[in-house]
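Please read through the structure below; I'll follow up with questions.
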Amino acid sequence: MSELPMPRTLPWCLVSGLLVALAGCSGEETQRVVAAPRVAVATIRSVDVEDRIEATGELLAPNHAEIAAEVSGRITRIFIDEGAPADAGAAVLEIDPERRELELVTVRAGVVEAEAALQEQERATERVRQLYQRNVASKSDLDEAETQLQLEASRLNAARARLGVSKRALADATVRAPFTGLVAQRFVSVGEFVQPATRLFELVSLDPIEVEFHVAEVDSSRVRVGQRVSVRVAPYPDEVFEGSVTVVSPTIDTRTRTLRIKAALENPEGRLRPGTFARADLGVSRRSGVLMIPEEAVLQRSDGSVVFLLVGEDRVERRVIELGAFREGQVEVRAGLGPTDLVVTRGHTALMDGSVVSIRNTDGSLPTPSVAAGRESGTRFD
């Protein structure tokens with residue numbers, strides 16, 4: 001006898017039995033257990049925050065210049081050598097002043113000569129004018145005399161201008177310090193011939209000295225002119241040098257998103273030197289009632305920083321927030337949340353706005369207190 005083929009469908013009685021068994025369970029609860037992702041939530045903390053503004057920078061000389069020659073000549077004398085202090089206006093070196101004095105004598109003689117020539121021409125012109133009035137001299141004779149008078153006046157003005165230039169050259173032959181400082185470096189020696197624009201020496205001022213540094217854009221609103229600054233430098237690791245902010249840049253550097261700051265420090269003994277690496281501390285700014293959430297609750301999305309807020313007992317709402325300072329695993333919330341809100345800290349990477357969730361501890365167990373109790377007491381369910 002041939003074998004009978006196996007049936008391709010389940011018996012109706014078996015199908016009916018399975019339907020009855022499934023009907024004995026709650027369809028809504030089964031769907032929730034299967035579909036609702038497990039998440040951990042935390043309450044928002046309201047704390048007092050101390051913001052310390054610190055930055056690294058460099059010491060700078062507020063006045064630093066390379067002094068160049070303004071006249072040509074030979075270096076005849078040096079009064080102040082390298083490393084020595086120079087007061088403002090003090091003579092540092094001379095560029096052949098005797099030559100300039102002789103030139104000045106010559107130019108003065110030319111001025112006297114031009115003055116005499118002008119006086120003589122004035123008398124001559126007056127005589128021609130009187131003759132012209134008596135019809136003895138012609139109009140062309142008078143015009144020629146007046147023209148010559150103008151030329152002599154111009155020659156006198158030119159001679160006086162040369163006298164001023166000569167006086168200035170004599171003054172420039174003695175090179176003086178434009179401000180109080182130290183002769184950091186000398187580029188010429190006695191006997192060397194120099195031309196205008198030749199570098200002579202480098203002058204640097206050390207008291208006061210400046211520290212230049214940059215602070216982050218987020219801290220730019222808390223820096224002002226006159227604010228106290230504490231500075232530390234490597235040569236004196238156990239000392240703190242106090243100063244005050246003198247310059248706050250009006251613009252933010254678009255490349256680094258930082259603000260340039262300068263502060264002045266007293267340096268009467270010259271211990272602080274330009275170019276030294278420095279650490280600046282602008283002190284502490286205290287803020288009360290700052291809202292903080294766990295850093296792990298924040299997701300970075302295309303529209304900004306996002307958290308999922310627990311709404312009711314088992315649903316979440318997607319919320320874009322504005323962040324502030326970061327402190328030991330916590331992050332400041334400047335906008336977007338309230339002090340009694342609960343945010344999801346675990347299991348939220350795949351959530352969507354309006355998702356149904358199941359609140360669990362980090363080990364997967366149900367939290368002991370209720371969500372409502374946690375919202376009131378500030379308990380964190382993780």
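Taking F213, is it of a type in the set (F, W, Y) and over 30 Å from F79 (Cβ atoms)?
yes
Restricting to region 314-342, what's the tally of residues that are free of Cβ contacts under 8 Å to residues at least 24 places away in the same chain and surrounded by 15 or more Cβ atoms within 10 Å (Cβ to Cβ)?
So the count comes out to 2.
Residue check, T147 against (1) outside the structural domain of V71 (by TED's automatic domain parsing); (2) of a type in the set (V, I, T); (3) in contact (Cβ under 8 Å) with a residue 40 or more places away in the chain, all met but one. Which one?
Exception for T147: condition (3).
Now for a separate question. Going by the conditions given, is A297 small (G, A, S) and within 30 Å of D341 (Cβ to Cβ)?
yes
Let me ask something else about it. Scan I53, I75, I44 and give me the residue that is hydrophobic (A, V, I, L, M, F, W, C), within 40 Å of the chain's Cα centre (by Cα) and over 30 Å from H214 (Cβ atoms).
I44
Looking at this structure, is A280 assigned to a strand (DSSP E or B), of a type in the set (A, V, I, L, M, F, W, C) and in contact with an Asp or Glu (Cβ under 6 Å, 6 or more places away or on another chain)? First the steps, then the outcome.
Values: assigned to a strand (DSSP E or B): yes; of a type in the set (A, V, I, L, M, F, W, C): yes; in contact with an Asp or Glu (Cβ under 6 Å, 6 or more places away or on another chain): no.
The answer is no for A280.
For the condition part of a loop (DSSP other than H, G, I, E, B) and either modelled with pLDDT of 95 or more or under 30 Å from R271 (Cα atoms) (or both), what is the one hit in V188, V211, V175, V183?
V188
Exactly one condition in (1) surrounded by fewer than 19 Cβ atoms within 10 Å (Cβ to Cβ); (2) of a type in the set (S, T, N, Q); (3) modelled with pLDDT of 80 or more is false for T345; which is it?
It is condition (1) that T345 fails.
Let me ask something else about it. Any residue in region 148-160 that is in a helix (DSSP H, G or I), out of contact with any Cys (no Cβ under 6 Å at 6 or more places or on another chain) and within 16 Å of V71 (Cα to Cα)?
no
Related question: Quickly run through region 64-87 and pick out the residues that are assigned to a loop (DSSP other than H, G, I, E, B), over 13 Å from V183 (Cβ atoms) and either among the hydrophobic types (A, V, I, L, M, F, W, C) or touching a strand residue (DSSP E or B) at 6+ places or on another chain (Cβ under 7 Å) (or both).
Correct list: A69, V71, S72.
All but one of (1) within 27 Å of R222 (Cα to Cα); (2) within 26 Å of the chain's Cα centre (by Cα); (3) touching a residue at least 40 places away in the same chain (Cβ under 8 Å) hold for P250; state the number of the condition that does not hold.
(3)
Can you spot a residue in region 17-38 that is part of a strand (DSSP E or B), at negative phi, modelled with pLDDT of 75 or more and not aromatic (F, W, Y)?
yes
How many of the residues making up region 180-239 are closer than 20 Å to A263 by Cβ, touching a His at 6+ places or on another chain (Cβ under 9 Å) and not hydroxyl-bearing (S, T, Y)?
Number satisfying all stated conditions: 2.
Turning to a different aspect of this structure: Considering only residues that are of a type in the set (K, R) and under 30 Å from V211 (Cα atoms), look in region 282-301 and name the one that is surrounded by the most Cβ atoms within 10 Å (Cβ to Cβ).
Looking at residues that are of a type in the set (K, R) and under 30 Å from V211 (Cα atoms), I get R287.
Now, a different point. Whether any residue in region 295-313 is in a strand (DSSP E or B), touching a residue at least 40 places away in the same chain (Cβ under 8 Å) and hydroxyl-bearing (S, T, Y) is what I want to check.
Among the residues of region 295-313, not one is in a strand (DSSP E or B), touching a residue at least 40 places away in the same chain (Cβ under 8 Å) and hydroxyl-bearing (S, T, Y), which makes the answer no.
Within region 256-269, take every residue that is in contact (Cβ under 8 Å) with a residue 24 or more places away in the chain and exposed (fewer than 14 other Cβ atoms within 10 Å of the Cβ) and give me the one that is farthest from I53 (Cα to Cα). Before you say what the answer is, go through the steps one by one.
We begin by selecting, within region 256-269, every residue in contact (Cβ under 8 Å) with a residue 24 or more places away in the chain; these are 256-268.
Of the ones still in play, those that are also exposed (fewer than 14 other Cβ atoms within 10 Å of the Cβ) are 256-257, 266, 268.
Values: T256: 17, R257: 15, E266: 22, P268: 27 Å.
Looking at residues that are in contact (Cβ under 8 Å) with a residue 24 or more places away in the chain and exposed (fewer than 14 other Cβ atoms within 10 Å of the Cβ), I get P268.
Just one of L93, L131 is in a helix (DSSP H, G or I) and at negative phi; which is it?
Sole residue among the options that is in a helix (DSSP H, G or I) and at negative phi: L131.
Suppose we keep only residues that are in contact with a Lys or Arg (Cβ under 8 Å, 6 or more places away or on another chain) and either among the aliphatic types (A, V, I, L, M) or surrounded by fewer than 14 Cβ atoms within 10 Å (Cβ to Cβ) (or both) within region 89-101. Which one would you say is nearest to F179 (Cα to Cα)? If you could, list the steps in order and put the result at the bottom.
Taking region 89-101 and keeping what is in contact with a Lys or Arg (Cβ under 8 Å, 6 or more places away or on another chain), we get 89-96.
Still in the running and either among the aliphatic types (A, V, I, L, M) or surrounded by fewer than 14 Cβ atoms within 10 Å (Cβ to Cβ) (or both): 89-93, 95.
Numbers: G89: 7, A90: 9, A91: 11, V92: 12, L93: 15, I95: 20 Å.
My answer is G89.
The values are calculated or read from the model by the stated rules, or taken from the named source; none is laboratory data. Computed from a predicted model, the values in this text were never measured in an experiment. Glycine gets a Cβ as well: all are built from the backbone with ideal geometry, and neighbour counts include every protein chain shown.
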